[in-house]
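Here is the structure we will look at, set down as structure tokens.
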Amino acid sequence: MTTAIPASPSRMPVAVIGAGAIGKMHIERILNHGEVSLAAIADPTEAARELAASVGVPWFADPLELVATTAARAAIVATPNATHTAIGIACIERGLPVLVEKPIADTVADAQRLCDAAAAAQVPLLVGHHRRHNPILRRARELVAQGLLGRPVSATAMSTWLKPDDYFNLAWRRQAGGGPVLINMIHDIDLLRFLLGEVVSVQAQTSQAVRGFEVEDTASALLRFECGALATISVSDAAVTPWNWDLAAGEASHYAKQDVDSIFLAGTEASLTLPQLQVWQYRGRRGWHEPLTVERTPLHRGDPYVEQLRHLRAVAEGRETQVCSGVDGLRTLQATLAVHEAARTGTTVQLTRT
């Protein structure tokens, strides 16, 4: 951990529940954030107890004990997926605005229970689809909303890379539900929902041919959007490629940034690539024999996790509405789980709005 900013009354205290990889990432950014401070850590491991002691905050083995006694004004839930609903509802019952890591829950039914609890209590519920806070994606959303593409026609998203062998030493990563569909593809589905709107149907195939585990190592999905656009998403954690958002966007320093695009949006007036924000369009006569013009507008890099924390405070204080609400998280989960259902049944899964 880096040296923390000293505590200050002007920084909103936030509790972190779950101190695994993503929880530690949140803790590190909170410690160095100008608008929030770390109130407490809940995680039953000895490593979490030592971490809390090292940064001088209370430690709880039981998340519910933290929720019952905390002086925090918001909470982040970064525990295993199956626990999100129970812990999230406990936070809501305490009146704590809560940011739940993605996926919002294990099932659509549990996600709905969490959303219903937040709505009934009128307590803000946010979901940690952090890419929505990246300035690149914010700019892309502006361009699409301004009509740059004309009518969106198609999208292609790739999340293909090679996870090292020791990544699979943890048993849950070799089992159904622990694969790249729910870990990686879900981000691209949420990104496309953020840009294009709601998904109405899903077709898909999955494969475990490379590693032979119970869990898939590769998947392809075809999504139809309410606007009429079709999107193809490819994901694999067994492929040697640079074509994924994490390597291309440079959000995290532990990935070597690559000068490539991984997402391609096409419309009747122009096309747009991400994360490089290249715009391709005709400036005169239109048609495949005519020259295309390309423009690129590089943006300053921004850490989406830092911006997400700023936004959490603004939402908790009633100054902003959720960029990724509980309902957004639910609909992204619904579309992602439909990938598995479509692959299992060999059918087109129609999504109903919840």
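Rule-based calculations on the coordinates, nothing more; no lab input. Remember, predicted model here, so these are calculated numbers, not experimental data. All Cβ positions, even for glycine, are placed from backbone atoms using ideal geometry, and neighbour counts span all protein chains on display.
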Query - In sequence order, calculated HN-Hα J values of segment 24-31 (Karplus, 6.51, -1.76, 1.60; Hz; x Gly/Pro) - result: 4, 4, 4, 4, 4, 6, 4, 4
Requested in this report: With runs of 4+ DSSP H residues as the only contributors, calculate the mean residue ellipticity of the chain at 222 nm using -39,500 (n - 2.57) per run, divided by the residue total and rounded to the nearest 500.
Outcome: -9500 deg cm²/dmol
Query raised in the report: Which of the peptides 284-293, 47-56 is most tightly packed, and how do the rest follow, going by the mean number of other Cβ atoms within 10 Å of each residue?
Result: 47-56, 284-293
**Report entry** Label selected from (1) -0.58; (2) -0.51; (3) -0.45, the criterion being log10 I(q)/I(0) by the Debye sum over Cα atoms at q = 0.09 Å⁻¹ as computed here
**Finding:** (2)
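Within 10 Å, count the other beta carbons around each residue, average over each peptide in 64-75, 125-136, and list them highest first. Don't skip to the answer; put the middle values down first.
Details: 64-75: 19.4, 125-136: 24.1.
Ranked by mean Cβ neighbours within 10 Å, highest first: 125-136, 64-75.
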Query raised in the report: How large is ³J(HN,Hα) for each residue in segment 309-315, as worked out from phi by the Karplus curve 6.51 cos²θ - 1.76 cosθ + 1.60 (θ = phi - 60°), to whole Hz, x for Gly and Pro?
Result: 5, 4, 5, 4, 5, 4, 5
Report task. On a C-alpha basis, how far is the centre of segment 84-156 from the centre of segment 207-271 in Å? Whole number, if you could? Result -> 20 Å
Query - ³J(HN,Hα), Karplus 6.51/-1.76/1.60, whole Hz, each residue of segment 283-294, x for Gly, Pro - result: 9, x, 4, 10, x, 5, 8, 8, x, 9, 9, 10
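What Kirkwood Rh does segment 12-123 have if only Cα atoms enter the pairwise 1/r average? Answer in Å.
On the way: mean 1/r = 0.0724 Å⁻¹.
Here the Kirkwood hydrodynamic radius works out to 13.8 Å.
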Report task. Within 10 Å, count the other beta carbons around each residue, average over each peptide in 20-26, 205-211, and list them highest first. Result -> 20-26, 205-211
Query raised in the report: Quick one: of the DSSP bridges fully inside the chain, what percent are antiparallel, nearest 5?
Result: 55 percent
